[in-house]
Amino acid sequence: MASWSKLKYSQRLFLWLVGYSLLLVGCFVVFQYNREKAFKAEELNARLQLVNARLLYEISRNGGNVDSLRYEEFPFDYLRVSVIDYNGNVVFDNTLDSLPGYSHLNREEIADALSDGTGYTLRRHSESSDNYYFYSARKGDGIIVRSAIPYSVSLHELLSADYGFLWFMAFVTLLMCTIGYMATRKLGRNIQRLNRFAERAERGERIYDTEPFSHDELGDISNHIVRLYARLQKAMADIAREHKATLHEEREKIRIKKQLTNNINHELKTPVASIVVCLETIISRPDMSDDKRDEFVARCYSNALRLRKLLDDVSIVTRMDDGGATVTKENIDLSVILCETLHDFEVRAAAAGIRINLNQPESVMMTGNAGLLLSVFHNLLDNALAYSGCSSVDINVDGSDDNYVTVSFSDDGCGIPQEHIPHIFERFYRVDKGRSRKAGGTGLGLAIVKNAVALHGGSISVENRTPHGLEFVLTLRKT
């Protein structure tokens with residue numbers, strides 16, 4: 001039993017199929033053998049019945065005299081003839097010197113002849129002659145004539161089945177086993193592959209549909225199972241990846257908020273400390289001259305403006321960090337916002353001797369937040385005027401695309417060292433910290449620009465121009 005359980009399913013199935021085939025063919029062979037044997041026995045009985053009929057005719061013609069029977073003329077090498085009355089007594093036997101004194105009514109062929117008219121026995125031992133015979137009996141008028149031939153080797157061969165048929169059935173059995181082996185082997189390959197798939201699935205391995213199944217119903221079902229599992233595995237991997245990305249994003253938001261809080265605290269210290277120092281000096285020196293007092297008041301005012309600018313930028317950053325949920329969008333004209341930006345910087349640019357060139361269509365309609373876009377353009381133009389040392393700024397707008405509008409800000413200033421370019425959109429990052437603080441920068445301007453552009457479904461890039469200057473290129477989605 002243990003050895004049977006160690007066999008593969010296809011092998012066990014093949015053995016079951018072989019056993020079934022052998023049983024089926026064996027039953028058919030036995031049935032056919034007995035049927036053929038019975039047919040040959042009936043044929044031999046029919047020939048002996050002709051002999052019996054001829055003997056009954058001779059006895060009737062001779063007035064019941066059995067001594068004058070001539071049975072040598074029949075086509076049998078050795079023929080035994082017996083005449084038995086209805087009481088079962090043998091009244092004649094051509095092979096015996098002395099007749100038996102017991103009744104023959106219990107003989108099968110005699111009983112059948114009395115009831116049906118004819119009867120035969122395939123093989124029975126004769127007590128009187130000590131031989132085996134094939135008996136055939138026929139009922140006559142007051143007597144029963146029985147003829148018999150010895151059950152010899154030749155008769156056994158005559159009554160045996162055709163060996164050609166047996167060889168044919170053996171060939172059919174071998175053919176059935178071969179076909180069964182091929183079928184079970186094909187089935188076994190599918191089952192083995194499904195077993196390998198189940199083992200890999202249990203171990204949680206990545207499943208790729210690489211091994212082909214057979215092109216039948218079982219193969220189709222197996223392919224469906226593997227593909228469904230592969231899709232499920234991919235879906236679970238995507239969910240796990242999205243979950244991991246979401247967790248990373250949440251951690252990154254928490255980290256940025258902590259960093260933002262720390263940076264805000266750091267940035268607030270300088271203007272607040274300067275205001276406190278100026279006010280303490282004014283309070284502690286009531287006899288201070290008016291010019292000196294005005295200087296300290298002006299310094300307080302400048303730091304207060306810087307503090308307000310920092311708080312405004314932090315407010316914008318916080319709104320964008322909330323995912324833009326609080327940022328409302330509407331149909332706006334980008335050309336109007338750019339014209340408003342130039343108007344805000346017109347006096348400052350003229351005082352610094354910087355020329356601003358605006359090249360744009362009359363109207364560029366899009367869906368967006370006017371306040372955020374105004375902050376974007378303000379920050380870019382403010383950086384160009386405050387830090388680049390340029391003499392001109394060029395603003396070009398391309399609204400020919402149906403889906404996007406492209407805006408470029410370029411100047412002819414000093415540009416930015418290449419190693420700083422990957423970091424300039426980081427919060428509180430400054431290329432020249434001392435100069436930026438002196439100019440009143442908060443370090444949040446370009447971070448606001450990048451996030452605001454992203455909220456409008458766009459992107460921003462920056463690069464140094466040749467031979468000098470810096471260029472920002474913004475791409476904004478129109479809808």
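The values are calculated or read from the model by the stated rules, or taken from the named source; none is laboratory data. If you're wondering where the values come from, they're calculated on a predicted model, not measured in any experiment. As a convention, Cβ positions derive from the backbone with ideal geometry for all residues, glycine included, and neighbour counts pool all protein chains shown. Just the protein is used for accessible areas: all its heavy atoms, side chains included, with ligands, DNA and RNA removed. Shrake-Rupley method; radii C 1.70, N 1.55, O 1.52, S 1.80 Å.
Confirm whether THR178 is more than 25 Å from ASP77 (Cα to Cα), modelled with pLDDT under 85 and open to solvent by less than 20 Å² (accessible area, probe 1.4 Å).
no
Out of LEU122, LEU24, LEU96, LEU114, which single residue is touching a residue at least 24 places away in the same chain (Cβ under 8 Å), of a type outside the set (D, E, K, R), out of contact with any strand residue (DSSP E or B) (no Cβ under 6 Å at 6 or more places or on another chain) and under 30 Å from ALA170 (Cα atoms)?
When all the criteria are applied, what remains is LEU122.
For segment 407-420, indicate whether the set of residues that are in a helix (DSSP H, G or I) and within 29 Å of ASP333 (Cβ to Cβ) is non-empty.
There is no residue in segment 407-420 that is in a helix (DSSP H, G or I) and within 29 Å of ASP333 (Cβ to Cβ).
Just for segment 123-140: of the residues that are modelled with pLDDT of 90 or more and open to solvent by 40 Å² or more (accessible area, probe 1.4 Å), which one is farthest from the chain's Cα centre (by Cα)?
LYS139
For every residue, the table says whether it meets (1) part of a helix (DSSP H, G or I); (2) among the small types (Gly, Ala, Ser); (3) surrounded by 13 or more Cβ atoms within 10 Å (Cβ to Cβ); (4) modelled with pLDDT under 70.
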| residue | (1), (2), (3), (4) |
| --- | --- |
| ARG241 | yes, no, no, no |
| LYS244 | yes, no, no, no |
| ARG251 | yes, no, no, no |
| PRO271 | yes, no, yes, no |
| MET288 | no, no, yes, no |
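Counting just the residues of segment 424-436 that are open to solvent by 70 Å² or more (accessible area, probe 1.4 Å) and part of a helix (DSSP H, G or I), which one comes out modelled with the highest pLDDT?
Among those that are open to solvent by 70 Å² or more (accessible area, probe 1.4 Å) and part of a helix (DSSP H, G or I), it is LYS433.
Please work out if LYS450 is open to solvent by 30 Å² or more (accessible area, probe 1.4 Å) and at pLDDT below 85.
So LYS450 does not fit the description; no.
What are the residues in segment 84-122 that are of a type in the set (S, T, N, Q) and open to solvent by less than 70 Å² (accessible area, probe 1.4 Å), if any?
ASN89, ASN94, THR95, SER103, THR118, THR121
Name the pairs whose Cβ atoms lie under 9 Å apart, with the first residue in segment 346-367 and part of a helix (DSSP H, G or I), the second of a type in the set (D, E, K, R), and 6 or more positions between them or separate chains?
Sorted first by the residue in segment 346-367, then by its partner, the pairs are ARG348/ASP382; ALA349/ARG355.
Residues to consider are ALA384, ALA349; find the one that is in contact with a Phe, Trp or Tyr (Cβ under 8 Å, 6 or more places away or on another chain), open to solvent by less than 70 Å² (accessible area, probe 1.4 Å), of a type in the set (Gly, Ala, Ser) and within 18 Å of GLY469 (Cα to Cα).
So the residue among ALA384, ALA349 that is in contact with a Phe, Trp or Tyr (Cβ under 8 Å, 6 or more places away or on another chain), open to solvent by less than 70 Å² (accessible area, probe 1.4 Å), of a type in the set (Gly, Ala, Ser) and within 18 Å of GLY469 (Cα to Cα) is ALA384.
For segment 409-423, give me the residue count where each residue is crowded, with 16+ Cβ neighbours inside 10 Å and not aliphatic (A, V, I, L, M).
Matching residues across segment 409-423 total 6.
Anything in segment 305-344 that is at pLDDT 85 or above and in a helix (DSSP H, G or I)? List them, or say none.
LEU334, SER335, VAL336, ILE337, LEU338, CYS339, GLU340, THR341, LEU342, HIS343, ASP344, listed by residue number.
In segment 141-156, is there at least one residue being assigned to a strand (DSSP E or B), of a type in the set (Phe, Trp, Tyr) and surrounded by 17 or more Cβ atoms within 10 Å (Cβ to Cβ)?
no
State all residues of segment 47-73 that are assigned to a helix (DSSP H, G or I) and open to solvent by 50 Å² or more (accessible area, probe 1.4 Å); if no residue qualifies, say none.
Of everything in segment 47-73, those that are assigned to a helix (DSSP H, G or I) and open to solvent by 50 Å² or more (accessible area, probe 1.4 Å) turn out to be ARG47, LEU50, ARG54, TYR57, SER60, ARG61.
Taking segment 390-403 as the region of interest, how many residues are in contact with an Asp or Glu (Cβ under 9 Å, 6 or more places away or on another chain) and over 14 Å from THR341 (Cα atoms)?
3
Do you know which residues across segment 385-403 are among the aliphatic types (A, V, I, L, M) and farther than 14 Å from ALA350 by Cα?
Passing the criteria: ILE395, VAL397.
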